[in-house]
Amino acid sequence: MDKLQIGRHISGQFNEDLNRVINNVMHMGGLVEKQLADALIAVGNSDVSLAKQVLSNDYQINAYEVSIDDECTRIIAKRQPAAGDLRLIMAVVKTIADLERIGDEAEKIAKVALESFSSSQQDLLVNLDNLGRRVLEFLQASLDAFTRMDYEAAIKIHQTDDKINREYEALMRQLMTYMMEDPRSIPQVMTVIWSARALERIGDRCQNICEYIIYFVKGKVVRHTTAEDIKKL
């Protein structure tokens, strides 16, 4: 907890409570990261078995979210945290909600591996994988910044979402063109479109996590703030 710049409390149990919550968030984040990585591998290798494993493992993420949320509620009721401690708890509650939703999006991506694609349609999956790798790096960087509550890293990472949005839009244009040229491919292309949309949403969730870091460190809500204004905080 010292690395999060949180002062020691009179109650040693309070320190333990905060430590436990942060550690559980880290474990949840690691599981979500693995789910996304496995989903991308399943799609790239057409690995039906791994895809089904991703689908079956989602309950673990849901269980973490419920458990951590309950623990945060208990801390608020029992410890009545203020200032930085309260901001930390609120940042955690918001982060685990976004992590749970990222897990849901990883499920959608894994379902692509359950579809059949012709050899001529493999390029669609390659481009989806390229976007997926970029988003996975975004998620990893966001979780690392959260672990350290690194304000400067959060600001830098926050801007990555613009690049992801541009790649997503380029992929969507390609997919639309593909469908117009070959209407028979529409069912498969629609599956890829939904997966690309899931990746774009994960990017948005990662951006949210960066905003929670900024909220904890600076005490400022930057949800509707421009990138330039965030730099001035």
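No lab work stands behind these numbers, since they all come straight from the coordinates. Keep in mind that what you see is a predicted model, and the values were worked out from it rather than measured. Because the Cβ atoms are built from the backbone with ideal geometry, glycine has one as well, and the counts that use them run over all protein chains shown.
Evaluating 6.51 cos²θ - 1.76 cosθ + 1.60 at θ = phi - 60° for every residue in the range 143-159, the Karplus couplings come out as 5, 5, 5, 5, 4, 9, 6, 8, 4, 5, 5, 4, 5, 5, 5, 3, 6 Hz, glycine and proline recorded as x. Any chance you could give the angle, 0 to 90 degrees and rounded to 10, that helix 48-79 forms with the longest Cα principal axis of the chain? Helix 48-79 sits at roughly 20 degrees to that axis. Between the range 135-170 and the range 8-70, the C-alpha centres lie 18 angstrom from each other.
Of the cross-linked pairs K34/K111; K78/K218; K34/K108, those separated by over 18 Å at the C-alpha level are K78/K218. Give, as a single signed number, the net charge of other residues whose beta carbon lies under 12 Å from the beta carbon of N165, with Lys and Arg counted +1 and Asp and Glu -1. Here the count lands on -1. Among C210, C72, the order by Cβ neighbours within 10 angstrom, fewest to most, reads C72, C210. Assuming charge only on the beta carbon of Lys and Arg (+1) and of Asp and Glu (-1), the dipole of the chain about its Cα centre is about 640 debye to the nearest 20. Rounding to the nearest 10 and keeping the result within 0 to 90°, find how far the Cα-based axis of helix 83-110 lies from the longest principal axis of the chain. With both axes taken from Cα atoms, the answer is about 20 degrees.
Protection proxy ranking, highest mean first, for peptides 157-170, 83-96: 83-96, 157-170, where packing is the per-residue count of other beta-carbon atoms within 10 Å, averaged. Relative to the longest principal Cα axis of the chain, at what angle does helix 186-218 sit, 0 to 90 degrees, rounded to 10? Between the helix axis and the principal axis of the chain, the angle is about 20 degrees. Taking a Cβ cut-off of under 15 Å around L199, the surrounding Lys, Arg, Asp and Glu residues balance to a net charge of -4, with basic ones at +1 and acidic ones at -1. Under a model in which nothing but the beta-carbon of Lys, Arg (+1) and Asp, Glu (-1) is charged, the range 31-83 shows a dipole of about 220 debye around its Cα centre. The alpha carbon convex hull volume per residue for the range 10-231 rounds to 111 Å³.
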